[in-house]
Amino acid sequence: MDALSNLLATRDWLMADGATGTNLFNMGLSAGEPPEFWNSDKPDNIRQLYRAAVEAGSDIFLTNTFGGNASRLKLHGAQGRVRELNRLGAALGREIADASGRKIVVAGSIGPTGEIFEPMGTLTHAAAVEMFHEQAEGLKEGGADVLWVETISAPEEYAAAAEAAALAGMPWCGTMSFDTAGRTMMGTTSAAMAAMVDALANPPLAFGANCGVGASDLLRTVLGFAAAGSARPLIAKGNAGIPKYHDGHIHYDGTPELMAEYAVLARDAGVKIIGGCCGTMPEHLKAMRAALESRPKGPTPSLEDIAAKMGGFSSASDGTGDTSGDPKRERRGRRG
């Protein structure tokens with residue numbers, strides 16, 4: 001059994017890591033500079049990134065390889081470095097995880113290609129599978145325990161990543177980003193994603209949502225997954241508030257206390273893997289871990305509970321209609 005499945009089988013919840021980009025920008029990464037270059041150019045910074053997540057209590061951390069596919073790296077003339085940069089990103093993670101003294105899962109981050117599938121765009125299924133497979137092989141060589149496909153908008157791209165993971169012989173997880181009235185940019189709802197995941201020939205170990213427009217909306221999406229009835233473990237990686245530029249740094253306004261509340265709500269909603277996305281720093285993770293360990297599990301939160309504790313939703317509906325079967329819950333969410 002793979003490392004993540006072992007942990008999932010023995011724990012009620014697992015904590016993932018926080019932001020990659022925000023933390024690296026605060027270390028001096030320039031706008032437009034590929035973070036993946038730091039895997040070779042500034043390895044100590046990447047070790048620091050990974051170590052901070054572990055020390056804050058994360059059971060899983062993602063490698064610095066989000067944009068490490070040929071399509072994204074081609075923008076910087078580095079399409080020939082895919083395997084190298086992914087291998088280095090995973091190897092640095094393996095080093096930190098193995099030195100931690102506890103079981104830590106190194107998750108090989110795979111982000112979107114940035115291209116649009118045909119017929120609207122030019123990306124073919126075969127080309128997407130090839131790009132993801134190349135990246136997966138580099139992550140595998142570096143010692144990643146699992147592939148972590150994230151921030152996907154198109155179901156076609158999610159399916160291509162699933163096929164690539166099978167070709168690499170790697171277990172995988174996959175999240176989509178729901179940021180347009182409860183849907184992904186390409187129109188997928190939480191219910192549609194849950195159905196798609198269960199129909200895949202090579203389904204993920206766990207699935208869910210990351211990034212998006214805020215923790216409230218992400219939690220509503222998670223309730224949509226739970227209502228769909230999938231038996232697979234759920235993932236939630238929400239942003240720590242809203243981004244603002246302050247004293248030369250990107251800062252998100254979500255407090256550690258707010259993210260601790262989010263973590264508990266996610267767990268109570270049935271999420272098994274809980275982490276943060278943009279803006280989530282080590283201090284947020286520490287507060288999240290402390291809350292998860294100290295606060296007993298409660299009932300499944302309602303939309304009203306989420307809105308009251310995390311703030312209102314960005315849209316009146318999550319795009320799926322009333323998945324709970326209780327029309328009053330949807331009305332309360334609109335008031336929130």
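The values are calculated or read from the model by the stated rules, or taken from the named source; none is laboratory data. Not measured: the values here are computed from a predicted model. Using ideal geometry, Cβ is built from the backbone for each residue, glycine included, and neighbour counts are taken over all protein chains shown. For accessibility, only protein heavy atoms count, side chains too; no ligands or nucleic acids. Shrake-Rupley method; radii C 1.70, N 1.55, O 1.52, S 1.80 Å.
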Q: Among DSSP beta bridges whose residues both lie in the chain, state the antiparallel percentage, nearest 5.
A: 15
Q. Ranked from the most accessible area to the least, with a 1.4 Å probe and all protein chains present, what is the order of Thr188, Thr180?
A. Thr180, Thr188
(Q) Over the chain, with a Gaussian network built from C-alpha contacts below 10 Å, which listed residue (Asp145, Asp59, Asp12) shows the highest mean-square fluctuation? (A) Asp12
(Q) Net charge within 14 Å of His76 by Cβ-Cβ distance, Lys/Arg positive one each and Asp/Glu negative one each, not counting His76 itself? (A) -1
Q.
Not counting ligands, DNA or RNA, and with a 1.4 Å probe, what is Trp148's accessible surface area in Å² rounded to the nearest 10?
A. 0
Q: With a length cut of 15 Å (Cα positions projected on each helix's long axis) and a Kyte-Doolittle mean of at least 0.0, go through the chain and give me the DSSP H helices that pass.
A: 155-168, 215-228, 256-268
Q. What net charge is computed for the residues neighbouring Gly111, neighbours being all others with C-beta under 11 Å from the C-beta of Gly111, Lys and Arg scored +1, Asp and Glu -1?
A. -2
Q.
Once ligands and nucleic acids are excluded and a 1.4 Å probe is used, how much of Ser40 is accessible, expressed in Å² to the nearest 10?
A. 40
Q: Determine the per residue accessible area of the stretch 172-254 with all protein chains present and a 1.4 angstrom probe, expressed in square angstrom.
A: 36
(Q) Using a Gaussian network model on the chain with a 10 Å cutoff between Cα atoms, which of Thr63, Thr113, Thr300 fluctuates the most? (A) Thr300
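Defining a contact as two alpha carbons under 8 Å apart and six or more residues distant in sequence, what relative contact order in percent does the stretch 158-295 show? The partial results should precede the final answer.
Details: 241 pairs, mean separation 27.8, N = 138.
Relative contact order comes out at 20 percent.
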Q: Set the Förster distance to 35 Å, then compute FRET efficiency between Lys244 and Thr300 from the Cβ-Cβ distance, nearest 0.05.
A: 0.60
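Grab the other residues whose beta carbon is less than 12 angstrom from that of Val271, score K and R as +1, D and E as -1, and report the net. Present the calculation step by step, with values, prior to reporting the outcome.
Values: positive: Arg232, Lys237, Arg267, Lys272, Lys297; negative: Asp12, Asp268.
Neighbourhood net charge equals +3.
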Q: Note down the accessible area of Leu200, probe 1.4 Å, to the nearest 10 Å².
A: 30
Q | Inter-centroid distance (Cα atoms) of the stretch 53-73 relative to the stretch 100-121, Å | A | 9
Q. Which FRET efficiency value, to the nearest 0.05, do you get for Glu293 and Leu75 by plugging their Cβ-Cβ distance into 1/(1 + (r/R0)^6) with R0 = 35 Å?
A. 0.25
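Just the number, please: carbon plus sulfur as a percent of the accessible area of the chain, 1.4 Å probe, no ligands or DNA/RNA counted.
Working: 7020 of 13310 Å².
Looking at the chain in its full context, I get 53 percent from C and S.
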Q | Within straight-line cross-link reach of Lys309, aspartates and glutamates at Cα separation under 12 Å, skipping those fewer than 8 residues along the same chain | A | Glu257, Glu261
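What accessible area per residue comes out for the stretch 4-57, rounded to a whole number of Å², with a 1.4 Å probe?
Details: 2190 Å² over 54 residues.
Roughly 41 Å² per residue, with all protein chains present.
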